[in-house]
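The values are calculated or read from the model by the stated rules, or taken from the named source; none is laboratory data. Predicted, not measured: the structure shown is a model, and the values here were computed from it. Note that we place each Cβ from the backbone using ideal geometry, even for glycine, and neighbour counts take in every protein chain shown.
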Amino acid sequence: MIRVTGRDGALIFGRIRECDTFLKRLAGLMFRSGVGECDGIMLWPCSSIHMFFMKMSLDCIFLDRERRVLKILKDFKPWRVSGIVAESHYVIEVPAGHCGSNMIAEGETLNFENC
């Protein structure tokens, strides 16, 4: 699990599960109605996502290798495809509504810490 904080050290997500193998990325949150005991998941390496077989909408944050936010998809609905986000290396997926309007901005750099 990792903790995600902003540049100023403010907590953004307290418990994000890493999906860093092919099988973990393949399964992701498919067929689930919630994220379980964590805030969401982080797929890496990853430059695009699909929402096939999803039971919920997500907020998705695409980041480059330096953890700079490249793109934010809010309320991304099931049965959609994001398309490729150039230079994306990480994607954080959390339930829709967890990326408030002022919480994270494109261009911002996030920090990851093990927890």
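See the values below:
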| quantity | calculated |
| --- | --- |
| Tally, over the range 66-85, of residues that are touching a strand residue (DSSP E or B) at 6+ places or on another chain (Cβ under 8 Å) and part of a loop (DSSP other than H, G, I, E, B) | 5 |
| Single match in CYS46, CYS38 (criterion: at pLDDT 95 or above, in a loop (DSSP other than H, G, I, E, B) and surrounded by 13 or more Cβ atoms within 10 Å (Cβ to Cβ)) | CYS46 |
| Close pairs (7 angstrom Cβ cut-off, 6 or more residues apart or separate chains): more than 15 Å from CYS99 (Cβ to Cβ) and without any contact (Cβ under 8 Å) to a residue 40 or more places away in the chain in the range 43-65, in a loop (DSSP other than H, G, I, E, B) and among the small types (Gly, Ala, Ser) anywhere | LYS55/SER33; ASP64/SER88 |
| Looking only at the range 49-88, and only at residues there that are surrounded by 13 or more Cβ atoms within 10 Å (Cβ to Cβ) and touching a His at 6+ places or on another chain (Cβ under 6 Å), the one that is nearest to ALA27 (Cα to Cα) | ASP59 |
| Residue match in the range 76-86 (condition: among the charged types (D, E, K, R) and closer than 9 Å to LEU58 by Cα) | yes |
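One line per residue, one yes/no per condition, for (1) within 20 Å of PRO78 (Cβ to Cβ); (2) touching a residue at least 24 places away in the same chain (Cβ under 8 Å); (3) of a type in the set (Val, Ile, Thr):
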residue: THR5; (1), (2), (3): no, yes, yes
residue: GLY14; (1), (2), (3): no, yes, no
residue: GLY36; (1), (2), (3): yes, no, no
residue: GLY40; (1), (2), (3): yes, yes, no
